[in-house]
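To start, the structure under review is shown below, and the notes come after it.
No lab work stands behind these numbers, since they all come straight from the coordinates. Being a predicted model, the structure only gives us computed values, none of them experimental. Cβ sites come from the backbone with ideal geometry, for glycine too, and all protein chains shown count toward neighbours.
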Amino acid sequence: MSTVLATRPISTSRTMLAFPQVRSLFEDMEAFNRKISDRAFAFFQQRGGTNGWDADDWFRAESEVLKQVPIEISESRDNYMLRAEVPGFEAKEIEVQAESNAIYIHGKSGKEKEVKEGKEVRYSEVSANEFCRRVELPSLIAPEKVAAHLANGILQLTLPKAAPPKSIEVKAV
């Protein structure tokens, strides 16, 4: 069963007002950085606050917070095809933004499970999963024509290539 996702092209205008999606990219990256920093500090505290392991704490926190999404990119004459493994995510939890030379994929899901016996909670579990990936493309695409489909944990993007620049002959008058 296939699910269609909505994609949003990002404007290539140079005015700051035309970049609402880019601001969200920076906010997402700042939030990821804060989560990594908080987790690294937790590792520091678990070790008793001893110095000398800062980089290890940071890299361990990064590997926990930023789950790398495996991707595969193929190319045909007219399109790039990008496949990303996003198991456990639903279409409504994934956002795809298309730029003229890159694709930004962000997913966030959260699940809660609670078992009650009478009025008392006997078991409760909360889990969250999040990823963020920006992929630079080797050539320009047409962001307004990008299509995204999610099926069986595989996000498939069709990225139509932009028309090559047209050479215009200059004639003397």
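The figures follow:
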item: Computed Kirkwood radius, in angstrom, where 1/r is averaged over Cα pairs of segment 43-173; result: 18.6 Å
item: Spin-label model distance (nm) - Lys171 vs Val115, 7 Å beyond Cα toward Cβ; result: 8.2 nm
item: Long-range amide H partners of Glu99 with built H, under 5 Å; result: Ile10, Tyr104
item: Derived scalar couplings ³J(HN,Hα) [segment 110-117; Karplus, 6.51 cos²θ - 1.76 cosθ + 1.60; whole Hz; x for Gly, Pro]; result: x, 9, 10, 9, 9, 10, 10, 10
item: Label point distance in nm, Phe41-Asn129, each placed 7 Å from Cα along Cα→Cβ; result: 2.9 nm
item: Leading residue at positive end of dipole, segment 49-96 (Cβ point charges), from Ala91, Gly52, Ser76; result: Ser76
